[in-house]
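Below: the structure, in structure tokens.
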Amino acid sequence: MPKYIMFNTVNSDGVGDFSHLADIIKKLRADPKFNDVEFLPIVHFHDGGSDANYVRIAQQLEDMNIPFLYGKKKDHEQYILDPAVQKQLNDADQALIISYDSISAKYMPYLKPGIPIKSIMEHDSCNVTVVMNGGFDDSLGLERSGVKIDNIPQIKPDDAWDIMMKHDPAFASQLLANTTSPDFATLHAQNIFVPAYFNKYEDFNSFVHFIGANPSVSQEKNIVMSVSGKGCEIDDETLMPLLKTSSIKRIELFTPDNETPEILDANPAGTK
């Protein structure tokens, strides 16, 4: 039976990296061409991640009903010493690196020389090590193949709110408080909610400018953005001058440590 090793690191900013791995495994296992393939995910959970996410991913791996290696750095340092794990690696016919990787280098020496190694990273990034060793490199980014794109059914606003209340009621309550909305109906009627992840602050600033400059965005509603990632800073020197002629009147910045928002005035004649 062919065996595929699938390396994946879950960064400390969420579970998106693992979601890429899980979706790809699900898709491959549903394809009859891979019926006789044994998949072995080797998942490294970053030491800075939350305990809740650690447990959540462990359960998802269990639900796959396939062998896996999962843990933090110290766990993988022990796994690699196990002769049974070394044999699993040596028996592999192919290795794939999915989304984000900080673990495969520890295991690579135990793979058979010459087996295919394929890297499918996120953010249109390139795995230089794989390329230099003759492997296949692609990306989850749209500028290249966009290898993971699927049809997702639209969720009605009321259903989305119910999901949010179920999984993170504290965030839902904070959302109502920050928008001075007594209930979800008011929140939905007066605001456009945009949950977002930005890896670069330039992308965040460009998106804010796009919202302010785009005439097709509702002029009657405020924009509520819940942002995470490394790039959630406002660039006063470049962004704020652009917003002087936009439909954005002001920006209110809330942070987990500050319930009173920082106010940034943009265009006095703006509506949002």
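Since every read-out is calculated from the coordinates, none of them should be taken as a lab result. What you see is a predicted model; the values in this text were computed from it and never measured. In this analysis, Cβ positions are derived from the backbone assuming ideal geometry, glycine residues included, and neighbour counts consider all displayed protein chains.
Some notes on this structure:
- Distant-in-sequence amide H partners of Phe39 (H built 1.01 Å from N, under 5 Å): Tyr4
- Sorting Leu239, Leu28, Leu89 from the fewest to the most surrounding beta carbons within 10 angstrom yields Leu28, Leu89, Leu239.
- Using the Karplus relation 6.51 cos²θ - 1.76 cosθ + 1.60 with θ = phi - 60°, the per-residue 3J(HN,Hα) values for region 59-71 come to 5, 5, 5, 4, 5, 6, 6, 9, x, 7, 10, 9, x Hz, with x marking Gly and Pro.
- Placing R0 at 41 angstrom, the Cβ-Cβ distance between Asp236 and Phe171 gives a FRET efficiency of 0.90 after rounding to 0.05.
- Sparse-neighbourhood loop sites, GluC sites (Glu not before Pro) in region 191-272 - DSSP loop, at most 15 other Cβ within 10 angstrom: Glu220, Glu233, Glu237
- Toward the positive end of the charge dipole of the chain, with +1 on the Cβ of Lys and Arg and -1 on the Cβ of Asp and Glu, the farthest Cα among Val194, Ser206, Pro109 is that of Pro109.
- For Val227 and Glu259, the difference between the fully extended length at 0.36 nm per residue and the C-alpha to C-alpha distance is 9.9 nm.
- Tyr54-Ala84 FRET efficiency (beta carbon distance; Förster radius 25 Å; 0.05 resolution): 0.55
- Between Asp101, Asp47, Asp158, the GNM of the chain built on Cα springs shorter than 10 angstrom shows Asp158 fluctuating the most.
- Neighbour-count order for Ile24, Ile263, fewest beta carbons within 10 angstrom listed first: Ile263, Ile24
- At R0 = 35 Å, FRET efficiency that the Cβ-Cβ distance of Asn178 and Glu38 yields, to 0.05: 0.10
- Too-long pairs where the Cα-Cα distance tops 25 Å, listed order kept, from Lys27/Lys166; Lys3/Lys27; Lys3/Lys200: Lys27/Lys166; Lys3/Lys200
- For the Cα trace of the chain, dividing Rg by the Kirkwood Rh returns an Rg/Rh value of 1.04.
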